[in-house]
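Below: the structure, in structure tokens.
We did not get these values from a lab; they are worked out from the coordinates using the rules stated. Please read all numbers here as calculations on a predicted model, not as lab measurements. Here Cβ is always computed from backbone atoms with ideal geometry, including for glycine, and neighbour counts include all displayed protein chains.
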Amino acid sequence: MYKARYFKADGKKGKARPLPDTLFDGVVNESVMHQVVKAYLANQRQGTAAAKTRSEVSGGNSKPWRQKGTGRARQGSIRAVQWEGGGIAFPPIPHSWRQRVPKKVKSLARRSALNDRAESDRVVLADLPEMERPKTRDLRGFLGTLDVPGKVLVLTDGKNENVYLSARNLPDVSVLRFGDESVYDVLWAHTVVIERSALEKLGQAPEGEEDGDA
């Protein structure tokens, strides 16, 4: 069973909490993670690149000069690919790059990514501070007390607009609702900070001991 460091809303460290076996089962399938991340990146492509072939470029309906007797190479159209202003040979054509991934494969890849971070002690449980309004400085200060270097993914219990807006000016911090994160999001982050209530509300994490016993 994996354990994760736990921090209270004021930044004080509590007792390490066990992570739920239903999600953190120790399985790390690298090939599945690679498949899902590759599909995720492919699905970000718009596929709108396009260029015209020689048949789509206007003009060039007649030969630029006669076939023989000029001493020059024969040419059929000024819109051929070797001419400036001509068409493109094998141009890009708009199409979809979308790849479909089965739900069970996505689920396995997500668990694998979280397990990979948990193995390296890069999963942190925390009670996020109550924020009356968005304040980047407050969120930066809270994350500073957690001592989480590098890129940080914060997974909140449901929608937390103030935390989300507070992180928009932090290039190395991403805030998502727990369960909405992709495999790419988890692997992008050096450390994953999960709001404790997000696990407990789903019945996935056991109730921890009170911090007074820490």
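Couple of notes before you dig in:
- Nearest 10 degrees, 0 to 90: helix 136-146 Cα axis against the chain principal axis: 60
- Projected label distance in nm at residue 49 and residue 62, using a 7 Å step from Cα toward the beta-carbon: 3.8
- Residues 172, 180, arranged from fewest to most other Cβ atoms within 10 angstrom of their Cβ, appear as 180, 172.
- Stokes-Einstein translational diffusion, the range 96-188 - Kirkwood Rh over all Cα pairs, 0.890 mPa s, 25 °C, in µm²/s: 169
- Against the chain, whose longest principal axis is taken from its Cα atoms, helix 30-43 shows a tilt of about 50°.
- Prolate/oblate/rounded call for the chain, Cα gyration tensor, a/c under 1.5 rounded: prolate
- Counting only the Cα atoms, the range 27-122 fills a convex hull of 154 Å³ per residue.
- Only Cα pairs under 8 Å and 6+ residues apart enter the sum, and on that basis the relative contact order of the chain stands at 26 percent.
- Here each label is just a point 7 Å from Cα along the line to Cβ, and for residue 84 and residue 13 those points are 6.9 nm apart.
- Convex hull volume of the Cα atoms of the range 51-91, normalised per residue: 64 Å³.
- Rounded to the nearest 10 degrees, the angle from helix 103-119 to the longest Cα principal axis of the chain is 60 degrees.
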